[in-house]
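Structure, as structure tokens:
We did not get these values from a lab; they are worked out from the coordinates using the rules stated. The model shown is predicted, which means the values in this text are computed figures rather than measured ones. All Cβ positions, glycine included, derive from the backbone under ideal geometry; neighbour counts span all protein chains shown.
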Amino acid sequence: MHLSLSKISPRGLKPYAAEFLGTALIIVIGDGVVAQALLSNYQYGTWLSINLAWAAAVCLSGYLADPSPVCNPAISIIMALVRPQPDQWRRLPGKLLAQLLGGFMGAAIVYINYRSAIQAWDPEYTIPGGSILSPLGHHSAGIFCTYPAAFFSSNWEAVFNEVLGASVLMFGVLSISDPANAHRFQSPQLSMFLLLVAIGAAVGWQTGYAINPARDFGPRLFSALLYGREVFTADNYYFVVPLLAPFVGCFVGATVYDSLLYEGSGSRITDALDKAADRDGELRLD
């Protein structure tokens, strides 16, 4: 069986390594800042520092390769559906696996770094909404993955919050990466920093703004080794929300942007609208 050298060479592995390392970097910084704030009882961290660190992590991950790694399965899959590129689907499984493993590894690093602090702050290793209660009301499982606010009447409210956040994320990503806006966004990575700060500050509080399946599911898998299967069953199997809602949100954001603003080529949405307009002149607005 012939094996292409490009599949095993450093150049061939670089896109997958960038996805793995980029996602791991995001989790080390993102989960790390949550750990520092939470375990110090917010003496060494605030909601603002959490927002800034997550945004900085995404920004820095964008410098690992050119083109920048996506580090988000929802964006990767929706872009493959909406704006297909040559070999995109062939490389997609490897990139999705790299993103998931990166999230898992990043969470493991955070735990190793904060292990003693977690044991001192939450020796029962408790989960928000779990069966084990902490005498102090501490829940350290939220360091690694997201859980919904206790006041939600149902998980559907969390679904809306996550879909909204992911929609804004996808809409912003497409705007930043639009060739027509290249002269406006001289540094796409810095623009991503501002976008993530805005999302976290505006819609992040109630669900922890996962907006990225790898950011939540990879660390959740690792946390299951420490906290048990309740990381999946807590709050009526809430883990499904940050796993699936970002895909819906990213599709909504991509549909809105490409339907109303995108003027470039290669979008299935704009191509479909153009074909519909050619068949029926009444759909044209010009």
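Residue check, Gly130 against (1) surrounded by 23 or more Cβ atoms within 10 Å (Cβ to Cβ); (2) in contact with a His (Cβ under 9 Å, 6 or more places away or on another chain), all met but one. Which one?
(1)
The rows are residues; the columns are (1) within 15 Å of Val173 (Cα to Cα); (2) not in a helix (DSSP H, G or I).
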| residue | (1), (2) |
| --- | --- |
| Thr207 | no, yes |
| Ile211 | yes, yes |
| Phe222 | no, no |
| Pro242 | no, no |
| Cys250 | yes, no |
| Ala254 | yes, no |
| Asp258 | yes, no |
| Tyr262 | yes, yes |
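Residue-by-condition table, conditions (1) within 22 Å of Ala57 (Cα to Cα); (2) small (Gly, Ala, Ser); (3) outside any helix (DSSP H, G or I); (4) within 16 Å of the chain's Cα centre (by Cα):
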site: Val70; (1), (2), (3), (4): yes, no, yes, yes
site: Ile75; (1), (2), (3), (4): yes, no, no, yes
site: Ala80; (1), (2), (3), (4): no, yes, no, no
site: Pro86; (1), (2), (3), (4): no, no, yes, no
site: Lys95; (1), (2), (3), (4): yes, no, no, yes
site: Met105; (1), (2), (3), (4): yes, no, no, yes
site: Ala108; (1), (2), (3), (4): yes, yes, no, no
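Got a number for residues in region 109-119 being touching a helix residue (DSSP H, G or I) at 6+ places or on another chain (Cβ under 8 Å) and surrounded by fewer than 19 Cβ atoms within 10 Å (Cβ to Cβ)? Can you show your working first?
Applying the first criterion (touching a helix residue (DSSP H, G or I) at 6+ places or on another chain (Cβ under 8 Å)) to region 109-119 yields 109-111, 113-114, 117-118.
Then keep just the ones that are surrounded by fewer than 19 Cβ atoms within 10 Å (Cβ to Cβ); that gives 109, 113, 117.
Of the residues in region 109-119, 3 are touching a helix residue (DSSP H, G or I) at 6+ places or on another chain (Cβ under 8 Å) and surrounded by fewer than 19 Cβ atoms within 10 Å (Cβ to Cβ).
Could you figure out which of (1) without any contact (Cβ under 8 Å) to a residue 24 or more places away in the chain; (2) surrounded by 22 or more Cβ atoms within 10 Å (Cβ to Cβ) isn't true of Cys71?
Answer for Cys71: the failing condition is (1).
Identify the single condition in (1) within 30 Å of Leu260 (Cα to Cα); (2) free of Cβ contacts under 8 Å to residues at least 24 places away in the same chain that Ala166 does not satisfy, given that it satisfies every other one.
Tallying (1) within 30 Å of Leu260 (Cα to Cα); (2) free of Cβ contacts under 8 Å to residues at least 24 places away in the same chain, Ala166 fails exactly one: (2).
Would you confirm whether any residue within region 158-174 is touching a Leu at 6+ places or on another chain (Cβ under 9 Å) and of a type in the set (S, T, N, Q)?
No.
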